[in-house]
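Novice: This structure is in structure tokens; I'll ask about it shortly.
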């Protein structure tokens, strides 16, 4: 007997995104439909798709949604703790995937490439972190390491640890990177001071400091591009 086809118009709102993905592939789904799959189900008065649309409308975009806390997500009617955790975990995996795709033995030929490596890691943080990209002779990234993590106002860097990691990884040069959660790209006196201190140490230890980037969510400041080096 020939099996009858159950048309998509007869599917429930909550089932359509899953079936659509199976039939048409992931690229055919909207952001709201993908989030609806994560949520799993809506309520009697609102489908998972409509709930997802409401969340996106109030968070503006996926980037903003990825910054929301469990408490913020559970403020939406229909989102409990479990659903909030699922959304946060999925968006964090996407962020980590983007970071991994960019960083694998990426050759640094400009400040923009260094920014593209580090922006997914520190560009959206609400606190300051100081990282170092360690490079080999071919200017390819062989290690990226967080040196310190501070509060909103700043962070502290151990210069000795910078070069300990450089020697252990076999790096011949490095790029300093830190974020400014305030969005202000201009280097502070402390930024200039630590840059000078690390550069001088690098000159003595034959590990060249190539640049220092200050990173915000969408932009960056390069000490080299601005003629400070």
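Novice: I'm trying to understand the selection: among the residues of the range 26-44, which are closer than 20 Å to residue 82 by Cβ and surrounded by fewer than 18 Cβ atoms within 10 Å (Cβ to Cβ)?
Specialist: 34, 38, 40, 41, 43, 44
Novice: Can you tell me how many residues in the range 179-196 are closer than 26 Å to residue 136 by Cα and out of contact with any helix residue (DSSP H, G or I) (no Cβ under 7 Å at 6 or more places or on another chain)?
Specialist: 6
Novice: Looking at residue 176, is it surrounded by fewer than 21 Cβ atoms within 10 Å (Cβ to Cβ) and closer than 19 Å to residue 164 by Cβ?
Specialist: no
Novice: Any residue in the range 95-113 that is modelled with pLDDT of 90 or more and loosely packed, with under 12 Cβ neighbours inside 10 Å?
Specialist: Yes: the range 95-113 contains one or more residues that are modelled with pLDDT of 90 or more and loosely packed, with under 12 Cβ neighbours inside 10 Å.
Novice: Right, something else. Taking residue 202, is it farther than 20 Å from residue 122 by Cβ and either at pLDDT below 95 or surrounded by 15 or more Cβ atoms within 10 Å (Cβ to Cβ) (or both)?
Specialist: yes
The rows are residues; the columns are (1) within 28 Å of residue 183 (Cα to Cα); (2) outside the structural domain of residue 157 (by TED's automatic domain parsing); (3) over 19 Å from the mean Cα position of the chain (by Cα); (4) touching a residue at least 40 places away in the same chain (Cβ under 8 Å).
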position	(1), (2), (3), (4)
75	yes, yes, yes, no
120	yes, no, no, no
127	yes, no, no, yes
133	yes, no, no, yes
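Novice: What are the pairs, 6+ residues apart or on separate chains, where a residue within the range 180-196 that is under 11 Å from residue 157 (Cα atoms) has its Cβ under 7 Å from a residue that is modelled with pLDDT under 95?
Specialist: 190/154; 194/157
Novice: Filter the range 116-164 for residues that are assigned to a helix (DSSP H, G or I) and touching a helix residue (DSSP H, G or I) at 6+ places or on another chain (Cβ under 7 Å); which is surrounded by the most Cβ atoms within 10 Å (Cβ to Cβ)?
Specialist: Once the filter is applied, the top-ranked residue is 162.
Novice: Let me ask something else about it. Report the residue count in the range 158-199 for those that are over 17 Å from residue 130 (Cα atoms) and in contact with a strand residue (DSSP E or B) (Cβ under 9 Å, 6 or more places away or on another chain).
Specialist: Qualifying residue count, the range 158-199: 5.
Novice: Tell me which residues, restricted to the range 197-207, are in contact with a helix residue (DSSP H, G or I) (Cβ under 7 Å, 6 or more places away or on another chain) and free of Cβ contacts under 8 Å to residues at least 40 places away in the same chain.
Specialist: Selection gives 197 alone.
Novice: I would also like to ask the following. For the range 33-63, enumerate the residues that are free of Cβ contacts under 8 Å to residues at least 12 places away in the same chain and in a helix (DSSP H, G or I).
Specialist: Answer for the range 33-63, where residues must be free of Cβ contacts under 8 Å to residues at least 12 places away in the same chain and in a helix (DSSP H, G or I): 57, 59.
The values are calculated or read from the model by the stated rules, or taken from the named source; none is laboratory data. Remember, it's a predicted structure, so these values are computed and weren't measured experimentally. Note: ideal-geometry Cβ built from the backbone for every residue, glycine included; neighbour counts use all protein chains shown.
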